[in-house]
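Please treat every number below as a calculation from the coordinates, not as lab data. Note that this is a predicted model, so its numbers are computed, not measured. Quick reminder, even Gly has a Cβ in these numbers, built from the backbone with ideal geometry, and neighbours come from all protein chains shown.
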Amino acid sequence: MRYLGLDLGSRRLGVSISDPNGIIASAYKVIEHNEEYEKLVEDIKKIVSDEKIEKIVLGLPKNMNNTIGPKGELSYKFKEMLEEKIDKEVILVDERLTTKEATDVLIKGNTSRKKRKKVVDSLAATIILQSYLDRVIK
């Protein structure tokens, strides 16, 4: 089973994809969207079709006290948009601190600040998807 991982930001969407067996997540791409969510959904729909995706895993940003803020509400709305336009299950996964974790990994790897900005979102999406896969595979 192939999965798509998404990390929705205010300007960019990090995208990751699993291997065909649904075991290992890998960074796929970053999509600039500038809050054009309808177009973004169409971009995702094409990826789902091209890559034969069976399930979508979307990061849900929660506050540290486990409440849902404005960004979390946006993830719920985006999930609904995806489910309306794409006939696939969308699973919300807690994404607290994934961008920080991704940034830390890139800093440890001596990735330049300029390059980090370009890849941090897809790496965060990879962390979100891999954490989900690790829970499901057990």
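Things to note:
- From helices alone, the chain scores -16000 deg cm²/dmol at 222 nm; the rule is -39500 (n - 2.57) for each run of n ≥ 4 DSSP H residues, then divide by the residue total.
- Close amide-amide hydrogen proximity is noted between ASP94 and LEU60, each under 5 Å apart and 5 or more residues distant or on a separate chain (H modeled in the peptide plane; Pro and chain starts excluded).
- For the pair ARG135 and ASP19, label points projected 7 Å from Cα toward Cβ lie 2.3 nm apart.
- Given the chain, longest segment not containing exposed loop GluC sites (Glu not before Pro) (DSSP; at most 12 other Cβ within 10 Å): 37-138
- Amide H to amide H, with H built 1.01 Å from N, VAL57 comes under 5 Å of LEU4, GLY5, LEU6, ILE91, counting only residues 5 or more places away or on other chains.
- Computed lengthening from ILE107 to GLU83, 0.36 nm per intervening residue step minus Cα-Cα distance: 5.1 nm
- Mean-position separation - Cα centroids, the stretch 1-42 and the stretch 57-79, in angstrom: 16 Å
- Dipole magnitude for the stretch 1-80: about 180 debye, using +1 per Lys or Arg Cβ and -1 per Asp or Glu Cβ, origin at the Cα centre.
- Simple Cβ-charge dipole of the chain, Lys/Arg +1 and Asp/Glu -1, about Cα centre, in debye nearest 20: 680 debye
- Linear extension gain, GLU54 paired with GLU36, 0.36 nm per residue minus alpha-carbon span: 4.1 nm
- In the chain, the DSSP beta bridges split such that about 55 percent are antiparallel, to the nearest 5.
- A simple rule links phi to the HN-Hα coupling: the Karplus curve 6.51 cos²θ - 1.76 cosθ + 1.60 with θ = phi - 60°, which for the stretch 123-137 gives 5, 4, 4, 5, 5, 4, 5, 5, 5, 5, 4, 4, 6, 6, 6 Hz, with x for Gly and Pro.
- P(r) histogram, all alpha-carbon pairs of the chain included - 10 Å bins from 0, percent: 13, 46, 35, 7, 0
- Selection from TYR3, VAL41, ALA125, by position along the positive dipole direction of the chain (Cβ): ALA125
- Working note: Karplus 6.51/-1.76/1.60 with θ = phi - 60° gives the stretch 10-17 the couplings 6, 10, 10, 10, x, 10, 10, 9 Hz, where Gly and Pro are set to x.
- Gaussian network model of the chain, Cα within-10 Å springs - most flexible of SER16, SER75, SER112: SER112
- Amide hydrogen neighbours beyond the local backbone of TYR28, cut-off 5 Å, H modeled: VAL15, SER16, ILE17
- Environment charge of ILE91, counting only residues whose C-beta is closer than 13 Å and scoring Lys/Arg +1, Asp/Glu -1: -1
- Neighbours of PRO70, meaning other residues whose beta-carbon lies under 14 angstrom from its beta-carbon, give a summed charge of +1 when Lys and Arg score +1 and Asp and Glu score -1.
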